[in-house]
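What follows is a short report on a single structure.
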Amino acid sequence: MPLKAYIRLTRLDHGLLSVVGVLAGLLTNCSNGVTMLQIVIAITAPLFIEMGLFALNDYFNIEEDRINAPDRPLVRGEISPKSALLLGVLSLILGYIAALLAILENRLFSVLLITLIVAIGVLYDMKVKTFGFIGNIIVSFSTASTFIYGALLAEDITNINVATWIIFITAFLSCLGREILKGARDYLGDKKAGILTLAVKYGTHQAVTISSILIALAVLGALVNIFYVKRPLVYFALLVPAVALFAISITVSLKDPDNVEYTEKARKYTLYAMSLGLIAFLASMI
């Protein structure tokens, strides 16, 4: 079994990052302590669901990936489409079963949220991705919702702390900016595949400008959270390098929006910045 190919297919690194996001939401909202079942759900549900959605994404978008991502396992023939489909479906089933265990903790809202995420995620993979910006919103909402999902494993929706809601908003904005950057990077392939991204509809320059504005708004939101986290100085100290990376990302992407290498580099900087922001949030709240 080509293990490395399956890791690339399921984007295991993204799954692990989702787990950290869910754990962050859980651990920063657990006023009555955390149970072992909650920990198990927080780890297994987002990991397997993320793996499943990414596998299905590659299955349904193999033709597009021949242009935009020729190194993907399905395009290279390292994994068969049938295997990717089977892995995607099984992973989603396992993840959703794990999520249903929250019923034993009387956390029905968490089940409703994860049901919504799975439903829109599958729709995105199958069709909605071709709608461009709507697909960007779905991906960004699903990514940012990891914090709210984790919080719902511990508290009712009315008891989620303000800091968690703010990091949800900042994660949504930064992820949306990152997805629009992806559209600029994949302009040629998306145009050929009929995917109506902002870059395809309005041009890469306009798309990158919108992306930069969204990322800048995310940075402002993150700075506002200084007033709501438990340890403001710790948060600020760890947030500074994240802000710097976001600034570099904006600078690089605006340098030449038509340059695929620049837009991809900018996307990587945003991922590093989001990871640092997550660390800052955790360190300042636990």
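The values are calculated or read from the model by the stated rules, or taken from the named source; none is laboratory data. As the structure is a prediction and not an experimental result, all values here were calculated from the model. A quick note on method: Cβ atoms are made from the backbone with ideal geometry, for glycine too, and the neighbour counts reach across all protein chains shown. These accessible areas exclude ligands, DNA and RNA; they are computed on the full protein's heavy atoms, side chains included. Shrake-Rupley method; radii C 1.70, N 1.55, O 1.52, S 1.80 Å.
For this structure, a couple of remarks:
- Net lengthening on full extension, Thr158/Ala247 (0.36 nm per residue, minus Cα-Cα): 28.6 nm
- Size-normalised alpha-carbon gyration radius of region 1-133, reference 2.2 N^0.38 Å: 1.13
- Region 36-106 - convex hull of alpha carbons, volume per residue in Å³: 83
- Span per principal axis, largest first, for the Cα atoms of region 109-194 (Å): 47, 23, 13
- A 1.4 Å probe run over region 42-197, with the rest of the protein chains in place, finds 43 Å² accessible per residue.
- Contour excess over end-to-end distance, with Cα ends at Asn259 and Tyr272 and 0.36 nm allotted per residue: 2.6 nm
- Straight Cα distances below 21 angstrom link Lys192 to the lysines Lys127, Lys129, Lys182, Lys201, with same-chain residues fewer than 8 positions distant left out.
- Helix runs (DSSP H) in the chain reaching 24 Å along axis by Cα, Kyte-Doolittle at least 0.0: 36-60, 81-100, 108-126, 133-152, 162-185, 204-224, 232-255, 260-285
- Cα-derived Rg over Rh, computed across region 160-284 with Rh taken as Kirkwood radius: 1.04
- For region 167-215 and region 39-115, distance of Cα centres in Å: 23
- The Rg/Rh ratio of region 1-40, with Rg taken over Cα atoms and Rh as the Kirkwood radius over Cα pairs, comes to 1.20.
- Taking the accessible area of the chain, probe 1.4 Å, and keeping the other protein chains in place, the carbon and sulfur fraction comes to 71%.
- Viscosity 1.306 mPa s, temperature 10 °C, Stokes-Einstein D of the chain from Kirkwood C-alpha radius, µm²/s: 83
- GNM top mover of Arg76, Arg107, Arg178 - the chain, alpha-carbon springs below 10 Å: Arg76
- Lys192 paired with Ile67, simple spin-label distance in nm, labels 7 Å along Cα-to-beta-carbon: 0.5
- Loop GluC sites (Glu not before Pro), region 72-179 (other Cβ atoms within 10 Å of the site Cβ: 13 or fewer; DSSP): none
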